[in-house]
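Notes for the one structure printed next.
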Amino acid sequence: MLQFNISLSKLRAMDISLLEILSFFWFLGCWLGYSLFARKQAKKRNSLSSVLYRYRKEWVLKLSKSGMSEVDSELLGSLERQVSFMASTSLLILASLVTVLSAASEDFMNMSSLRFVEEVSLEIIQMKLLLMIFIFVYGFFTFSWSLRQYGFCFILFGSSFNTVRYYEGSKNYTAQAIPRDFKAMAKVLDRAAHSYNFGIRAYYFAMAALAWFINDWFFMAACAVIIFVLYRREFKSSSLQAMVAARKIGNVHDEDEITFN
């Protein structure tokens, strides 16, 4: 009880305004709310995640019949390299933020010369830096988990599909795969992509968190803009429309379930 009272007294000493508290919970609500919204909508309508899941299942289906070629290995490796790059970038950003936090001083963090920047105490600025650090820590964990899951896919694919260098001339030639639950294998590949998507989403909301250094209203507006950008790209982008058009169907949820023999 004594420690709780001490914590409350420290918060009062930092002079945190009600607007700053509301903007913080607005930020959390936007992030969590959009994540839940995107997850539910992806089960009913076209989205990047639902359409790409269909393509991933077809990729695994193709591999189960034709074997794994050098092109397939390179495609999977390129996905892993993308995630590795983002994980490394997260560590570099974290190192920079920790350096800024440790070197923060009244003179170093003084931005009051800009009229549109709200003047706050050093403690508030440090708390905002901590929020940025927590975001990129989360991003690193999601990217590293995605990286591990792509490693799982390498093991699953390598142990299940025959490696094919040249296809035989016979039209009936198939490279028989070891009996597996290929739907579950496609799910592992899809989970790796979802973890990557969560990390990318963290980068988007980190851009919104940068606006908190200007003022609270700009911060809340930036959160709304980020949600609009994410929605447009995940549900209304021209790339999504092209991928749906390539399947020659209006809604991928109307397709027959992809089955594995």
Notebook entry, point to check: Short version: ³J(HN,Hα) in whole Hz for each residue of the range 50-56, in order, from phi by Karplus 6.51 cos²θ - 1.76 cosθ + 1.60 (θ = phi - 60°), x for Gly and Pro, what are they?
Noted result: 5, 6, 5, 4, 4, 5, 5
Next item on the list: Find which of 41, 52, 31 sits farthest along the positive direction of the dipole of the range 10-88, computed with +1 on the beta-carbon of Lys and Arg, -1 on that of Asp and Glu, about the Cα centre.
Entry: 41
Next item on the list: Take the alpha-carbon centre of the range 18-93, take the same for the range 242-261, and report the distance between them in whole Å.
Entry: 19
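Based on the Cα atoms of the range 15-70, what semi-axes does the equivalent ellipsoid have, where each is the square root of 5 times one gyration tensor eigenvalue, given in whole Å with the largest first? Let's see the in-between values first.
Details: eigenvalues 367, 35, 6 Å².
Those come to 43, 13, 5 Å.
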Checklist line | Difference of contour (0.36 nm per residue) and Cα-Cα distance, residue 241 to residue 102 | finding: 45.4 nm
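Over 32 Å between Cα atoms, which of 44/65; 187/248; 128/187; 57/128 qualify? The partial results should precede the final answer.
Working: 44/65 30 Å; 187/248 24 Å; 128/187 37 Å; 57/128 42 Å.
In this structure, 128/187; 57/128 exceed 32 Å between Cα atoms.
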Next item on the list: Could you check the simple spin-label distance between residue 123 and residue 224, using points 7 Å along Cα→Cβ, in nm with one decimal?
Entry: 3.1
Checklist line | Spin-label model distance (nm) - residue 134 vs residue 163, 7 Å beyond Cα toward Cβ | finding: 4.7
Check: Per-residue HN-Hα couplings for the range 136-141, Karplus 6.51 cos²θ - 1.76 cosθ + 1.60 at θ = phi - 60°, whole Hz, x for Gly and Pro?
Finding: 6, 5, 4, x, 5, 5
Item checked: Gain upon complete extension [residue 256, residue 18; 0.36 nm per residue less C-alpha separation] -> 80.5 nm
Next item on the list: Amide H neighbours of residue 68 under 5 Å, at least 5 residues apart or on other chains, H built in the peptide plane: list them.
Entry: 162, 163, 164
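The numbers here are math on the coordinates, done by the rules we state, and not lab data. Remember, predicted model here, so these are calculated numbers, not experimental data. Glycine also receives a Cβ, built like all others from the backbone with ideal geometry; neighbour counts cover every protein chain displayed.
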